[in-house]
Amino acid sequence: MKKQTSIAIVNDISGFGRCSITVALPILSAMKIQCGILPTAILSNHTEYPDYSFLDFTPHMNEYLDKWKTLSFSFDGIYTGFLGSGRQLSIISSMMEQFSFPKRIVDPVMGDHGIIYDSYTKEMCQTMKQLVSRSTLTTPNLTELCILTDTPYRDDFSEQDIFQMCVSLENRGAKQIVVTGIEQQDQIGNAIYEHGNFEILYTEKVLPLRPGTGDVFASILVGDSLHNVNLKESVKKAGDFIRTCLITSANMKIPVNDGVCFEEHLENLIPSAFDIK
Ligand code: PXL
């Protein structure tokens, strides 16, 4: 029998609203991956709602990781998302050194549609660059790609502009890059960049767009990366899955801030023994 794959997920627990760990955990479990979690913050709900409570987990992270180390837990990869403070960067960097994860997936969660999330500071955005430089795969949206490459945000970038920003991110140490949420009239695209090769895959946009779709997308890519699935195949799978979930969410009249009802389609992500290489 093949050895089971495992991942350490470093992300926040938002108690309500389908994002971060409440998305990553069910998706990666469905993809037959064992998950360990290190919370970065505990929120009542995500920050796109008009109000939320926020508990920064920074003061407890080192003690938590010391136990993981003493107990010799090991993982095939690390997947980082929403950070609770700027100080978490050095904690996660030293975690990467101590555990030497073969796969390092950094979703540089910072903002969307040109706007930085409420709890993020400019300094935190700068420190995110260092985490991305250590990644084997990173999944910025267009807003985050701009922050990471010091490019002023616009909503009319050409494909060439996006390619150049990917080159600049690669020069800063990133390896595989997938840029999400590239909007073109009634289409939405995800760009794939790897060793100078660049391609954007478009699908028809399903409105309304919803928070948490970046977390669904990145989680599927993480699962596939651990199973060594080809990146283009994985981006297609994640795009199709999100589209299906967006259609069902609209049909079920899910409030926009509550995200996508991925639970309705989770079985689509369960690999057969045959799929896993
Ligand atoms: O989906 C990204 C995300 C993750 N975590 C928290 C958020 C958001 C986006 O708003 O608020 C707490």
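The values are calculated or read from the model by the stated rules, or taken from the named source; none is laboratory data. Note that the structure is predicted; figures quoted are calculated from it, not measured. Please note: Cβ atoms are built from the backbone with ideal geometry, for glycine as well, and neighbour counts cover all protein chains shown. Quick note on the areas: whole protein, heavy atoms, side chains included, nothing else; ligands and nucleic acids left out. Shrake-Rupley method; radii C 1.70, N 1.55, O 1.52, S 1.80 Å.
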Rg/Rh (Cα only; Kirkwood hydrodynamic radius) as it applies to the chain: 0.93
Sparsely packed trypsin sites (Lys or Arg not before Pro) within the stretch 105-156, loop by DSSP, other Cβ within 10 Å at most 14: 154
Helix-only CD estimate at 222 nm, as mean residue ellipticity for the chain, using -39500 (n - 2.57) per DSSP H run (n ≥ 4): -11500 deg cm²/dmol
Rg(Cα)/(2.2 N^0.38 Å) for the stretch 142-241, N = residue count: 1.04
The chain, relative contact order in percent, only Cα pairs under 8 angstrom and at least six apart counted: 18
Accessible area of the chain divided out per residue, in Å², using a probe of 1.4 angstrom: 45
Trypsin sites (Lys or Arg not before Pro) within the stretch 1-64, DSSP loop, no more than 10 other Cβ atoms inside 10 Å: 2, 3
Portion, in percent, of the accessible area of the chain that falls on carbon or sulfur, probe 1.4 Å: 53
Positive dipole terminus of the chain, leading residue within 7, 120, 197 (C-beta point charges): 7
Residue-wise HN-Hα coupling along the stretch 29-39, computed from phi with Karplus coefficients 6.51, -1.76, 1.60 (Hz; x: Gly, Pro): 5, 4, 7, 6, 10, 7, 10, x, 10, 10, x
Relative contact order (%) - criterion: Cα under 8 Å, at least six apart; region: the stretch 1-77: 33
Chymotrypsin sites (Phe, Trp or Tyr not before Pro), loop per DSSP, at most 13 other Cβ atoms within 10 Å - longest free stretch of the chain: 74-273
Cβ-based charge dipole, the chain, positive-most Cα from 146, 21, 260: 21
For the stretch 8-21, 3J(HN,Hα) per residue [Karplus equation, 6.51 cos²θ - 1.76 cosθ + 1.60, θ = phi - 60°, Hz, x = Gly/Pro]: 9, 9, 10, 6, 8, 9, 9, x, 8, x, 6, 8, 6, 5
